[in-house]
1. With only alpha-carbon atoms counted, please give the Rg and Dmax of segment 60-215, in Å.
2. Taking the beta-carbon count within 10 Å as an exposure proxy, list Asp397, Asp160 from fewest neighbours to most.
3. I'd like the orientation of helix 373-386 relative to the chain: the angle between its Cα long axis and the longest Cα principal axis, in ° from 0 to 90, rounded to 10.
4. Among 313-321, 162-170, 40-48, how do they line up from the highest to the lowest mean number of other beta-carbon atoms within 10 Å?
5. Rank-order 443-456, 323-336 by packing density, defined as the average count of other C-beta atoms within 10 Å over each peptide's residues, highest first.
6. From zero outward in steps of 5 Å, how is the percent of C-alpha pairs of segment 342-406 spread across the bins?
7. Determine which lysines satisfy two conditions relative to Lys176: a Cα distance under 30 Å, and not lying fewer than 8 residues away in the same chain.
8. Which three extents, in angstrom, do the Cα atoms of segment 121-170 have along their principal axes, listed largest first?
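Read-outs: derived from the displayed coordinates by stated rules, not from any lab. Only a predicted model underlies this, so the values are computations on that prediction, with no experimental measurement involved. FYI the Cβ positions are ideal-geometry reconstructions off the backbone, even for glycines, and counts take in every protein chain you see.
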Amino acid sequence: MGRLLSGLATMLLMLSGVQAAAVRDQVRNYRAAHEKEILEEFSALVAMRNVATNVADVEGNAAAITQALNRRGFAARLLSAGPGTPPAIFGELKAAGARRTLVFYAHYDGQPAAQPEWRTQPWTPVVRVGTRAADSHDVDWRAAAKIDPEWRIYGRSSSDDKAPIQAMLTALDALKAAGRSPTVNIKVFYEGEEEQGSHHLADILRPNRELLKGDVFVLSDGPRHASGQMQVFFGARGVAGLELTVYGPSRPLHSGHYGNWAPNPAVTLTHLLDALRDEEGHILISGFYDDVRALTPAEAAALAALPDVEAGLKQELALGRTEGSERLANSIARPALNVRGIRVGDVGEVAANVISTEARASIDFRLVPDQTPERVRERTEAFLRAHGWEVVNRDPDAATRAAHPRLVKAEWSLDYPGYRASMDAPATKAVVASIERAVGGPVLRIPMLGGSVPMHTFAAALDMPIVGVPLANYDNNQHGANENLRLQNLWDGIEIYAGLLTDLRW
């Protein structure tokens with residue numbers, strides 16, 4: 001009997017694989033015949049300004065995406081935490097006889113794009129040949145006889161995170177053209193505030209818990225593995241932001257007349273930062289690692305099974321060294337303190353021989369379970385005070401500056417904790433199996449993404465399994481100048497989504 005059941009299971013798996021391959025071929029044929037139409041729609045989406053801090057930008061994107069969903073048969077509408085806050089988009093598309101409901105997440109807001117290194121305007125999408133912006137060249141894709149899948153579309157949010165939205169729209173178009181319907185109920189939740197910390201996300205989720213109810217939450221954000229292979233992830237680091245300001249004289253002073261006597265805030269700041277972490281990335285704040293949850297044996301084994309990418313990345317990025325001796329995946333499974341910017345004085349031709357009045361540093365902490373942003377703030381400020389710093393949270397007056405030899409202003413953004421779920425939940429294992437059938441081979445399993453997405457917030461509010469399904473190329477320049485998406489990654493995403501909509505069972 002056991003042998004019979006085993007044989008039956010094998011046969012069902014084979015049939016499932018055949019069906020998945022048939023869907024993939026039909027979707028691929030549709031995409032090949034409509035590539036320019038898909039690119040035209042995606043270019044229009046990328047062309048919409050979407051800076052997360054500008055609510056008007058976000059609202060314009062929300063209206064356009066809602067219309068696109070409604071044209072595909074969704075009942076779509078906006079969800080809000082209140083006037084003046086960025087809206088989220090909710091859409092639902094029911095399937096006849098469906099037993100399961102999938103909730104798909106992406107965000108449509110974007111990072112600021114003031115970096116001078118942009119070769120073209122961030123919201124004027126262009127397609128280029130070449131893997132690096134510096135030596136790539138534009139191509140007139142509309143006039144081309146054939147679209148090369150290695151071409152890249154450049155523009156803010158092309159990869160982070162409008163690609164999954166386009167993949168969903170096109171997957172539905174392709175299935176409809178093939179005469180196929182989804183076999184699962186579909187819900188989408190597209191956020192408009194992820195790039196500024198998702199501060200209103202919980203306020204949207206709590207009253208809409210029943211509306212968003214489903215069997216598995218598929219979160220599409222972040223890049224694929226540096227090897228180029230498809231990966232899924234089961235958690236993400238949390239994040240907290242910190243702006244530090246230290247002070248010098250009340251007015252700029254001639255460095256010749258006052259140097260070696262008036263403290264230089266640039267030097268003061270560098271010593272402060274040096275006290276917070278060492279050159280190997282180890283955080284020196286007392287007790288910082290006390291709350292860190294250790295990796296399980298299964299998670300450690302998953303990391304050990306990842307392909308080697310470090311040597312290639314070091315060469316690609318012209319790195320003479322790395323911080324610590326761990327592999328990349330192990331490094332991003334632990335907390336980090338990143339100095340994302342320093343501002344004081346000027347350099348080069350505009351440098352002046354002065355001692356500046358203040359110096360600022362911008363820091364992001366990447367957190368892992370079971371750390372919380374609040375606890376990180378508490379420990380960081382206690383560490384500063386223990387080292388002789390007077391910590392304030394607003395601009396000090398002259399009397400306060402004169403009264404304290406070591407004065408620092410600390411302004412915090414307490415965003416959300418990290419999250420890491422079991423890799424063995426039946427629903428998430430089914431998602432992995434569906435993706436493997438769609439791509440025709442195994443996918444990599446990552447316990448936790450290095451970047452930060454609000455998985456903890458969703459888990460706390462919605463009580464369903466969460467799995468991350470990233471689509472973008474690993475070298476997409478997200479958050480930086482010349483952000484881009486490799487077209488083959490979009491084509492793959494369309495097939496992966498079509499597979500999830502038609503080939504998911506557990």
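1. 18.0, 53
2. Details: Asp397 9, Asp160 27.
Least crowded to most crowded, the residues run Asp397, Asp160.
3. Once rounded, the angle reads 20 degrees.
4. Numbers: 313-321: 10.1, 162-170: 26.3, 40-48: 18.4.
Ranked from most to least packed, the peptides come out as 162-170, 40-48, 313-321.
5. 443-456, 323-336
6. Histogramming segment 342-406 at 5 Å steps yields 3, 11, 16, 20, 17, 14, 10, 6, 2, 0 percent.
7. Lys36, Lys94, Lys146, Lys162, Lys187, Lys213, Lys429
8. Taking the Cα atoms of segment 121-170, the three principal extents are 28, 25, 18 Å.
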